[in-house]
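The values are calculated or read from the model by the stated rules, or taken from the named source; none is laboratory data. In this text, all values refer to a predicted model and were calculated from it rather than measured experimentally. FYI the Cβ positions are ideal-geometry reconstructions off the backbone, even for glycines, and counts take in every protein chain you see. These area figures cover heavy atoms from the full protein model, side chains too; ligands, DNA and RNA do not enter into them. Shrake-Rupley method; radii C 1.70, N 1.55, O 1.52, S 1.80 Å.
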Amino acid sequence: MSSHQLISHGEMQQHNKQSDCWLAIEGKVYDITSFLPEHPGGDEVVLECAGTDATDAFKDIGHSASAEAMLSKFLIGELDAESVPGAPGKKGKKPSHTDTPPP
């Protein structure tokens, strides 16, 4: 699989278990299945984000620079932003908390 493959949100969501774990961080998709047993925080915390955009969770934990650098060996592609529900310019946008209903 090329590191430049465009991966849809729907495809990424299918890889959401211990035996097949993908996640996205900052628009890049990673297959971290083989890393789960080695994750210092345990696999459970990672599996909570499996098949999703884990950018916020990854950043909130405050991973080290070496952890961020380690991601490169698990990179499998780019997340197709157009396929993400609620993406700007996409029909069927989910309402946000800033959307106000008509009076």
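Quick one: in the stretch 1-29, of everything that is modelled with pLDDT of 90 or more and more than 17 Å from SER83 (Cβ to Cβ), which residue is surrounded by the most Cβ atoms within 10 Å (Cβ to Cβ)? Among those that are modelled with pLDDT of 90 or more and more than 17 Å from SER83 (Cβ to Cβ), it is CYS21. When SER96 is tested against (1) modelled with pLDDT of 80 or more; (2) open to solvent by less than 90 Å² (accessible area, probe 1.4 Å), exactly one condition is not met: (1).
Does the stretch 57-70 contain any residue that is of a type outside the set (A, V, I, L, M) and touching a residue at least 24 places away in the same chain (Cβ under 8 Å)? Yes, that holds for at least one residue. Filter the stretch 76-93 for residues that are open to solvent by 50 Å² or more (accessible area, probe 1.4 Å) and at pLDDT 80 or above and give the result. Passing the criteria: GLU78, ALA81, GLU82, PRO85.
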